[in-house]
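Taken together, the values in this text are just the output of simple stated rules run on the coordinates, not laboratory data. Because the structure is a prediction, the values reported are computed rather than measured. Heads up, the Cβs are rebuilt from the backbone with ideal geometry, glycines too, and the neighbour counts pull from every protein chain shown.
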Amino acid sequence: MKVPYSYLKEQFQDPEPILQAFRDQLTRCEFTFGPELEEFEANMARYTGAKYVLGTSSGTIALSMLLKAVGVGEGDEVITVSQTFVATIGSIVTIGARPYFLDVLDDFTMDPELIEQAITEKTKAIMPVHYSGSPAHMEEILAIAEKHNLPVIEDSCCAISAKINGKHAGTFGDGGAFSVHPLKNLNVWGDGGFIVTDSEDIYQKIGLLRDHGLKNRDEVEIFGYNGRLDTIQAIVGNYLYPEIDEITDKRIAHAEKYDRAFLAPELSRYIKVPPRRPEARHVYHMYMVLAEDRDELLSYLIDRDIEAKIHYPIPMHLQQATLDQEPPFGRSGLSRTEAQCRSLITLPVHQHLTNEQIDYVISIVQTFYSS
């Protein structure tokens, strides 16, 4: 039985409604800032409860622009984590700032207890990551940020629909950045993202930054980026918008089935399921667990047509681009990050899987550890 990681062919097996919307757009050719983008932004504002939403060309540029909007610049430090995709760190470094790496908790998110000891006069922001769709501990993080008057930018790129006590990830801090890359829970036909914020000042600054800093067609107020979400991609996002909760609920159901199996005595000695906080809605952009003999398990699964993956075997503080920095980026002890990266494995969890496919994955994992 084949268990694929990607689900795009199934998700877009009937593309005609999207193609028809493309044809309608072709009668107007409003490929930038078209009405479909406004519709997408209104949809995301309604869904997340944010006051303002701005579509962007990627989640990465969304993070960079948010950092610039809150005043982060050359030589400043941003407290974040090493256990993340490169985009988190790239968004900091490419604006001339520097990450300060903190270790993570057992749920793969920032350890708030390490924040205060990392704060210096160079610290200008805190960037928690809602890694794999698991919300970071925002209440603790915000309390420290408020104490030290630091803005909080949420890397919510994996976390559409994730919540803490009913409040959406991305809406706790000064701004949140989301990705709608093809493999995200809400996805489009290429790169894309959006920013949420309740701050009118940030909203106005992002409005300039994402469009070259143009005040109007002829006047440049600041230097910015080409960071807009294309109208065509907004069309795809609007098509999938009504399905966000259904997509998420199916992923959660699959994850819960995995959890029940891996928490059972016969597997819990080999597989460590991260803590599932009752107040947090984990949306499983990736279903990740710690596995004994991880690399051997990965090969065993792949040989049996299960497209498991590793996200990510080398944490950012050990990547060559980081090691080449002089002076080195700041860091706390990162022992848990390094240990997790040696054991993390990602199993298919997407909404198009069947119960039979999930059962098959579980059975193969059981066979591996019983042999």
Sparse-neighbour loop sites [GluC sites (Glu not before Pro); the range 152-231; at most 15 other C-beta within 10 Å; DSSP]
E219, E221
Would you mind telling me which residue in I195, I79, I358 has the biggest mean-square fluctuation in a Gaussian network model of the chain, where springs connect alpha carbons within a distance under 10 angstrom?
I358
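Among the listed pairs K122/K163; K51/K124; K167/K257; K272/K309, give every one whose C-alpha distance is greater than 28 Å.
On the way: K122/K163 31 Å; K51/K124 24 Å; K167/K257 25 Å; K272/K309 16 Å.
Pairs exceeding 28 Å: K122/K163.
Out of all DSSP beta bridges with both ends in the range 8-242, state the antiparallel percent to the nearest 5. Please list the in-between numbers first.
Details: 15 of 28 bridges.
Around 55 percent of the beta bridges assigned by DSSP in the range 8-242 are antiparallel ones.
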May I ask for the net charge around S371, where only other residues with Cβ less than 12 Å from the Cβ of S371 are counted and Lys, Arg are +1 while Asp, Glu are -1?
-2
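How high is the FRET efficiency between Q117 and K167 when r is their beta carbon distance and R₀ equals 25 Å, given to the nearest 0.05? Please list the in-between numbers first.
Values: r = 28 Å, r/R0 = 1.11.
E(calc), rounded to 0.05, equals 0.35.
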Debye intensity ratio I(q)/I(0), log10, the range 244-370, q values 0.12, 0.20, 0.23 Å⁻¹ (C-alpha model)
-0.52, -1.17, -1.41
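Would the chain count as rounded, prolate or oblate if I go by the C-alpha gyration tensor, calling it rounded below 1.5 in a/c and otherwise prolate when a/b exceeds b/c, oblate otherwise? Before the final figure, lay out the partial values.
Details: a/c = 1.96, a/b = 1.19, b/c = 1.64.
In terms of gyration-tensor shape, oblate.
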Quote the charge dipole size of the range 244-370 about the Cα centre in Debye, to the nearest 20; the model charges only the Cβ of Lys and Arg (+1) and of Asp and Glu (-1).
420
Take S58, S268, S132 and order them by how many other Cβ atoms sit within 10 Å, fewest up front.
S268, S58, S132
Which whole-number percent is the relative contact order of the range 244-370 (Cα, under 8 Å, 6+ apart)?
35
Within a Gaussian network of the chain (alpha carbon springs, distance under 10 Å), most fluctuating of S343, S82, S299:
S299
Neighbour-count ranking [beta-carbon atoms within 10 angstrom, fewest first] of T367, T171, T337:
T367, T171, T337
Return K205, K2 ranked ascending by Cβ neighbour count within 10 Å, so the fewest neighbours appear first.
K2, K205
Could you work out which residue, out of V180, V152, V70, moves most in a Gaussian network model of the chain, that is, has the largest mean-square fluctuation with Cα springs under 10 Å?
V70
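Taking only DSSP H segments of four or more residues, each worth -39500 (n - 2.57), what value at 222 nm results for the chain once the sum is divided by all its residues, to the nearest 500 deg cm²/dmol?
Numbers: 15 runs with 145 residues, N = 371.
Helix-only estimate at 222 nm: -11500 deg cm²/dmol.
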